[in-house]
1. For the chain, what's the relative contact order in percent, using C-alpha pairs closer than 8 Å and at least 6 residues apart?
2. Trypsin sites (Lys or Arg not before Pro) within the stretch 12-78: which are DSSP loop residues with at most 16 other Cβ atoms inside 10 Å?
3. Which of the peptides 156-168, 128-140 is most tightly packed, and how do the rest follow, going by the mean number of other Cβ atoms within 10 Å of each residue?
4. Test of understanding: in a Gaussian network model of the chain with alpha carbons linked when under 10 Å, which of Ala141, Ala178, Ala194 would top the mean-square fluctuation ranking?
5. I need the phi-derived Karplus couplings for the stretch 61-71: 6.51 cos²θ - 1.76 cosθ + 1.60, θ = phi - 60°, integer Hz, Gly and Pro marked x.
6. For every helix of n ≥ 4 consecutive DSSP H residues, a contribution of -39,500 (n - 2.57) applies; sum these over the chain, divide by its total residues, and give [θ] at 222 nm rounded to the nearest 500 deg cm²/dmol.
7. Over 31 Å between Cα atoms: which of Lys44/Lys156; Lys86/Lys175; Lys47/Lys86; Lys175/Lys317; Lys149/Lys234 fall into that group?
8. Which ³J(HN,Hα) values, rounded to whole Hz and listed in residue order, are derived for the stretch 284-301 from phi using the Karplus coefficients 6.51, -1.76 and 1.60 in 6.51 cos²θ - 1.76 cosθ + 1.60 with θ = phi - 60°, glycine and proline given as x?
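Read the figures in this text as sums done on the coordinates, not as results from a lab. These figures come from a predicted structure and were not determined experimentally. Using ideal geometry, Cβ is built from the backbone for each residue, glycine included, and neighbour counts are taken over all protein chains shown.
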Amino acid sequence: FVLIACAGCGQKSTSLQDFSGEEFIMNTLVRIQVICEDEEKGRKALKQAFDVFRKIDHLTNRFPEGELATSSPGDVLNINGSAGLKPVKVSVDTVRIIQRSQYYARLTGGAFDITIGPIMDNWGFGKGIQYVPADEEISRALSLVDYRKVEADPGKGTVFLPEPGMSLDLGGVAKGYAMDEAVKALREAGMKHALINAGGCVYALGTRPDGEPWRVGIQDPRSNGDIVAILSLKDSAAVTSGDYQRYFEQEGVRYHHIIDPSTGKQARDLIQTTVVAESATDADILSTALFVLGPRRGMSFVEDLPGTGAVLIGPDKLVSVTAGLIDQLTFTGNGGYQIVG
Ligand code: AMP
Ligand code: MG
């Protein structure tokens with residue numbers, strides 16, 4: 001886990017029970033913990049939340065495996081398969097994910113760009129062999145990357161990629177959206193205390209049963225299992241992006257999965273970003289976007305966003321924190337990280 005949830009803390013009342021489950025969905029371990037009095041309600045809520053993750057995985061997965069591979073193709077597969085041919089009718093969820101992504105693509109001047117698919121394929125993230133592509137390959141793929149070309153029509157519920165070879169990759173946002181929908185399901189089922197962790201994407205629903213905020217660790221990006229800081233969370237999401245989540249090494253250089261759409265190459269000014277916001281969709285998009293923007297542009301961008309906090313860690317182990325988040329953070333002092341500003 002990137003964000004390490006502090007499970008089981010603070011349980012007080014004996015009538016409350018802890019229902020937890022974990023499943024491998026969206027290429028990650030999704031762990032859901034709900035705490036409630038009624039066993040039947042708790043188990044049902046847990047199942048509904050997992051169902052949401054599976055549903056969004058089906059809609060958004062570009063490289064379905066296992067059960068997903070044998071089911072009917074999801075929206076993203078259909079959209080990509082019809083690039084340059086025709087608009088595709090999609091679900092309301094898919095339109096929403098794309099619209100929110102496009103909103104932040106515009107705000108960040110394209111640092112976040114869901115048409116990154118051809119570049120991800122170049123580097124071999126997803127399917128295929130991972131290698132460092134030649135500059136010509138990168139520029140060919142880059143000519144297909146431009147969020148402004150995506151034609152999404154919410155009225156008709158259709159999405160169209162106008163050029164053959166274009167492809168959507170929702171890897172930077174889908175988990176966050178699934179998280180928000182799962183949280184919605186838990187709330188509708190009457191759950192008051194829950195913690196979900198989907199590989200670096202965490203949501204703290206309500207408080208712990210003792211009324212205290214949930215506590216979630218921010219992983220040391222260079223030491224698996226160690227924690228740089230502890231976040232106090234209540235009814236909010238914390239999403240982490242890192243250069244250690246998916247990568248390969250060639251000649252001693254780390255090539256990771258977060259790409260600067262302006263170069264087609266790895267964004268290198270940060271090694272980890274964590275974004276805290278009420279919406280996990282927003283936090284997910286922004287953790288990826290800030291990673292690309294880097295510490296200077298990233299901090300000035302996020303400081304202007306209401307209700308959004310961030311912790312950015314650079315390769316020099318310098319940590320930038322937005323002013324509004326300081327009170328929610330406790331640094332462990334481990335790993336030689338230094339807070340700036
Ligand atoms: P995350 O772990 O949320 O930061 O998402 C990283 C994933 O987002 C990658 O594995 C790609 O699928 C996708 N991605 C990479 N670079 C970008 C980018 N600049 N804009 C949008 N999505 C990206
Ligand atoms: Mg993201």
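1. 18
2. Lys12
3. Result, highest mean first: 156-168, 128-140.
4. Highest fluctuation among the options: Ala141.
5. Result, rounded to whole Hz: 5, 8, 10, x, 10, x, 4, 4, 5, 8, 7.
6. -9500 deg cm²/dmol
7. Table pairs above 31 Å Cα-Cα are Lys44/Lys156; Lys47/Lys86; Lys149/Lys234.
8. Karplus-based 3J(HN,Hα) across the stretch 284-301 equals 5, 4, 6, 5, 5, 4, 5, 4, 6, 5, x, x, 6, 5, x, 5, 5, 5 Hz.
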